[in-house]
1. Among helices (runs of 4 or more DSSP H) lying entirely in region 222-272, which contain 2 or more residues that are farther than 15 Å from Lys211 by Cβ?
2. Can you find, within region 469-512, the residue that is farthest from Ile422 (Cα to Cα) among those that are crowded, with 17+ Cβ neighbours inside 10 Å and hydroxyl-bearing (Ser, Thr, Tyr)?
3. Could you grab me the full set of residues in region 408-432 that are crowded, with 21+ Cβ neighbours inside 10 Å and part of a loop (DSSP other than H, G, I, E, B)?
4. Can you tell me how many residues in region 571-593 are more than 15 Å from Leu537 (Cα to Cα) and touching a residue at least 24 places away in the same chain (Cβ under 8 Å)?
5. Just the residues that are among the aliphatic types (A, V, I, L, M), buried (at least 24 other Cβ atoms within 10 Å of the Cβ) and in contact with a strand residue (DSSP E or B) (Cβ under 6 Å, 6 or more places away or on another chain), please, taken from region 46-80.
6. Could you go through region 57-79 and let me know if any residue there is polar (S, T, N, Q) and over 30 Å from Pro402 (Cα atoms).
7. Being crowded, with 20+ Cβ neighbours inside 10 Å and among the aliphatic types (A, V, I, L, M) is the filter here; which residues of region 178-210 pass it?
8. Restricting attention to region 357-369, which residues are over 10 Å from the mean Cα position of the chain (by Cα) and under 26 Å from Met156 (Cα atoms)?
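The values are calculated or read from the model by the stated rules, or taken from the named source; none is laboratory data. Because the structure is predicted, anything quoted here is derived from the model rather than measured. Here Cβ is always computed from backbone atoms with ideal geometry, including for glycine, and neighbour counts include all displayed protein chains.
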Amino acid sequence: MPAIIEPSQWTAPVDYQSRTVVVLGGGVLGRRIATCWCSAGYSVIIRDTNQSQCDDALQYIKDNVFSFATRATTGRSPPKASATLDLEVAIQNAWIVFECVPEILDLKIDVFAELERLAPKDCILASNSSSYKSSAMLAKIVHQDTKTRILNTHYMMPPTNLVVEIMTDGHTFPELMQWLAERHREAGSSPYVAVKESTGFLFNRIWAAIKRECLMVMAEGVSTPEQTDKAWMEILGCSFGPCMSMDSVGLDTVALIEKHYIEERGLDSALTVDFLQTNYLDHGKLGMKSDKGGLYAPRPSKPQSSPIAKAPEKKLIVLDTGLGQSLAGKAPAEIISRGRLLEVSLDGKKQRVLSEGLPLPDGVEAHGGKLYYTNMGMPSLNNGSVCSLDLDGTDTKTIVPPGKIFTPKQLSIDHAANKLYIADREGCKIWRCDTDGNSLEVLIDTARDSPKNDNDNKSITPGDIMGQCIGVTIAPSLNKFFWTQKGPAKGNRGRIFSANIDFTGNSTAVTRNDISLIADKLPECIDLEYVAKTNTLYWTDRGEVPFGNCLYKAALTDQGTLAEKPQILAQNFNEAIGLKVDVDANCVYVSDLGGAVWRVEDNGSEKKERVLDEQTSCFTGLTIV
C-alpha cells in the first residue's frame with residue numbers, strides 16, 4: 001500500500017468574504033459564535049435539527065448583533081442571519097463551518113464525515129469542543145486533504161469573554177491556523193494558537209487543575225467551598241470563585257470533564273470524581289441548575305418570612321469606560337471596548353461586574369426591572385448605541401443600534417410614559433424613544449439658528465461644539481425636559497436649556513419655539529437630574545476651578561426657570577460626570593473620570609466622602625437601584 005502523502009501547501013478559501021459562515025447547533029454557545037461573525041459583516045447560517053432552537057438562535061442574534069460589533073475592524077454592516085434544518089443546504093457555500101453539537105464523540109465523528117462529503121473542498125472545518133481534540137473526530141475521514149482543514153476553535157462565552165483557542169488536529173496546515181487567527185482578530189475576537197494538541201487546550205487545561213485541587217481541598221476536609229472562594233476572590237480581585245464556577249457549569253459536567261483527564265492521564269479519581277459522585281451527584285446535587293444545590297446550599301425558592309419586612313438594599317450602578325487602564329500598544333477598536341457596567345454597594349466595599357466589553361458607556365438608568373445604558377462607541381464613526389439588560393446582568397439587548405444616534409450620552413426615563421430621553425453629543429440632538437427602542441424621534445436639533453441670547457449669534461451645524469448636547473433630564477410635573485450644551489472644554493460657555501415635553505401645533509425639532517435658556521456662562525455643565533419632590537435641578541460641571549469640577553443645584557419656579565442663584569454643593573472633583581440624588585438619604589452620588597465615586601451631603605455643608613476609588617477606572621454615568 002503506497003504511503004499517504006500530506007498536501008504540501010494551503011490556499012485560503014476563495015472569495016471567503018462573500019461566502020457564508022455556518023454554525024452547526026443553535027444552543028447557548030452556537031448562537032453566540034454566530035452573532036460574533038454576523039456582527040463582523042459575514043453572512044451567517046445556523047443549522048440545527050430543532051426548529052425552535054433555530055428560531056431562538058435567530059432572535060438572539062437579532063437582539064445582540066449590534067452590541068457584539070464594537071471590536072470588529074472589517075468595516076462591514078451586520079447582515080440578516082438565517083437558519084435551516086437541512087445540513088446540505090446550510091453548507092453549500094460555506095468557507096468555514098463551526099461544529100457546536102453536543103459533547104458526544106461518536107456524534108462529532110459522524111458530523112465531520114458528513115462535512116467531508118458535503119462541504120466545499122476548500123471549506124475550513126472547525127470544532128468548538130472543549131473536551132475532545134479534533135484528532136479524535138477523524139475516525140471516518142477518508143481523504144488526507146480534509147484532515148489539513150480540520151481543527152479546534154474553542155470559544156469561551158462571547159461577548160463577555162472574546163478569547164478563542166485555535167488548535168491543530170495534528171495535520172492542520174500551520175498557515176491555515178495563522179490565517180484563521182487573523183480573521184478572528186478582524187471579527188473582534190482574541191485568538192490564541194496552541195503549538196500542539198492538548199486535552200483542555202490552553203486555559204481549560206490550567207483551569208482543570210485548579211478545579212481538581214479545589215475538589216481535593218474539600219474532599220480532604222481542608223476547607224469549605226465558601227472559604228475557598230472567598231480567599232480566591234480576595235487574593236485575585238475576582239467577583240467569582242472556582243466553587244461558584246463549578247456550581248454554575250454543573251457538577252455532573254465537571255465530573256464528565258474530569259473523567260476524561262483521569263482516563264487519559266491515569267489519575268486517581270478518589271478525591272475528585274468519586275468525591276463528587278458520593279457526596280453530590282448521587283443525591284441530585286448538581287449545582288445551580290438543581291433545587292438541591294451543589295457545593296453551595298440551594299437558594300431558597302422564596303424569601304424567608306420575617307416578622308419585620310426588610311427593605312431591599314440599595315445599590316449603585318456605575319459605568320466605567322475602561323480608559324483608566326494602560327492604552328499602550330492597543331488598537332483603537334480594543335481601546336474603546338473595555339467598558340464595564342458595575343454593581344457597587346453604597347459603601348463601595350462590594351462590587352461585581354454585570355457586563356463588560358462595552359464601547360465607551362456613558363449614561364445609565366433603571367426602569368421596570370431593567371437597566372438602560374448608552375454606548376458612545378467611536379465618536380468619529382456614528383456608531384453609538386443604546387442597550388438594556390436585566391438587573392442581574394442577563395438578557396442584554398441592543399434597543400437602538402449603531403448608526404441611529406451619533407454619540408449617545410446621558411439618558412433619562414419618563415417612568416409613567418415608558419419613554420427614554422437621550423442626549424447626543426456629536427449629533428447635536430435630544431432624542432426620545434420607547435423603552436424597546438421603537439418610535440425613535442428627534443426632540444431638539446441644534447443644527448439651527450442659535451437662540452437670540454446666544455452671544456455668538458451664529459448658525460450651529462452638527463458637530464459644532466456649542467451645539468453638542470450632553471446631559472438630559474425629564475420633569476413631567478413641569479411638562480418639561482432639560483438638557484445641557486457644555487460648549488468648549490473649560491470655556492465657561494456651558495448652557496442649560498428647557499423645552500416642553502410635547503410639540504405644539506406642527507412644530508418640529510428644528511422649528512419649535514418653546515426652547516428656553518435656563519442658565520448660561522457655566523464652566524462646562526455635563527449631567528443633569530431633576531427632583532420633583534423639591535422642584536430642584538442638580539448638575540455636574542467639569543470646567544475650570546474654582547467654579548468648575550463642582551456639583552451644583554438650583555431651585556426652580558413653577559414655570560421651570562431658576563428661582564435662585566445656583567448653589568455649589570461640593571468642589572474639586574476629578575472631571576465630574578455622573579450624578580444621582582438619593583432623596584431618602586438626603587445626599588447625592590457623583591462619579592468622575594479620575595476613577596472615584598463620591599457621596600455628597602445635600603445640606604449645604606459641602607461635605608463629601610469618597611465611596612469608591614479605582615485609579616484604573618474612568619467612571620461616567622451612575623444610578624441607584
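1. Hits in region 222-272: 225-236, 251-265.
2. Ser498
3. Answer for region 408-432, where residues must be crowded, with 21+ Cβ neighbours inside 10 Å and part of a loop (DSSP other than H, G, I, E, B): Arg425, Glu426, Gly427, Cys428.
4. Of the residues in that region, 10 qualify.
5. Across region 46-80, the qualifying residues are Ile46, Ala57.
6. no
7. Hits for region 178-210 are Leu180, Ala187.
8. If the condition is that a residue be over 10 Å from the mean Cα position of the chain (by Cα) and under 26 Å from Met156 (Cα atoms), then Leu360 is the only one that fits.
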